[in-house]
Amino acid sequence: FGASCITTPLFGACADAFGRRTATLLAICIMSVGGLASTAAPTFGTLVLLQALVGVGLSGATCPFELLAELSPSAARGRTLNSVAWAWASGTLLTVLLAWVVLSVTAEDDEADAGGGKGGHPLPVPWRRLVLVTSMPV
């Protein structure tokens with residue numbers, strides 16, 4: 001989230017200069033590249049850098065919410081934005097649940113494969129699977 005805090009004003013300026021659609025598409029592309037590249041990170045340091053790239057993209061993902069606030073009727077604006085906040089919080093909780101499921105299932109699989117180290121998994125390290133699964137919605 002540190003990268004997101006730094007780059008959010010830059011995406012605001014980009015949205016003002018080029019439009020919210022362009023800024024949002026750029027943010028989605030940055031998050032997708034960073035998230036998918038994270039699944040192949042060879043070291044923890046590389047993973048941190050790639051997740052910082054995801055944070056950069058995340059900072060631009062707020063552009064549509066500003067548009068939603070502007071276009072919502074004033075009588076429904078609070079309810080609409082509150083719904084978005086609840087969806088964001090629910091997604092965060094779902095991510096934690098997904099991490100618990102993916103990491104516990106893959107840990108069992110990895111223990112069964114510990115003898116030869118070749119489990120036939122396309123993503124041999126459990127955290128790689130989690131990063132892939134959580135990057136897919138983007």
>> Over the chain, with the other protein chains present, what is the accessible area per residue in square angstrom, probe 1.4 angstrom?
In response: 64
> Which listed residue (ALA89, GLY60, VAL101) has the Cα farthest towards the positive end of the charge dipole for the chain, taking +1 on Lys and Arg C-beta and -1 on Asp and Glu C-beta about the Cα centre?
Replying inline: GLY60
> What is the magnitude of the charge dipole of the chain about its Cα centre, with +1 placed on the Cβ of each Lys and Arg, -1 on the Cβ of each Asp and Glu, and no other charges, expressed in debye to the nearest 20?
Replying inline: 400
>> Tell me which DSSP H helices of the chain clear both cut-offs, 30 Å or more of axial length from alpha-carbon atoms and a mean Kyte-Doolittle hydropathy of at least 0.0.
In response: 74-112
>> Please give me the summed charge of the neighbours of MET136: other residues whose Cβ is under 15 Å from its Cβ, Lys and Arg +1, Asp and Glu -1.
In response: +2
> For the chain, what % of the accessible area comes from carbon and sulfur atoms, probe 1.4 Å?
Replying inline: 72
> Calculated from the structure, volume of the Cα convex hull per residue in Å³ equals which of [x] 122; [y] 108; [z] 151?
Replying inline: [y]
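The values are calculated or read from the model by the stated rules, or taken from the named source; none is laboratory data. Remember, predicted model here, so these are calculated numbers, not experimental data. We place every Cβ from the backbone using ideal geometry, glycine too, and count neighbours over all the protein chains shown. Calculation scope for accessible area: heavy atoms of the full protein, side chains included, ligands and nucleic acids excluded. Shrake-Rupley method; radii C 1.70, N 1.55, O 1.52, S 1.80 Å.
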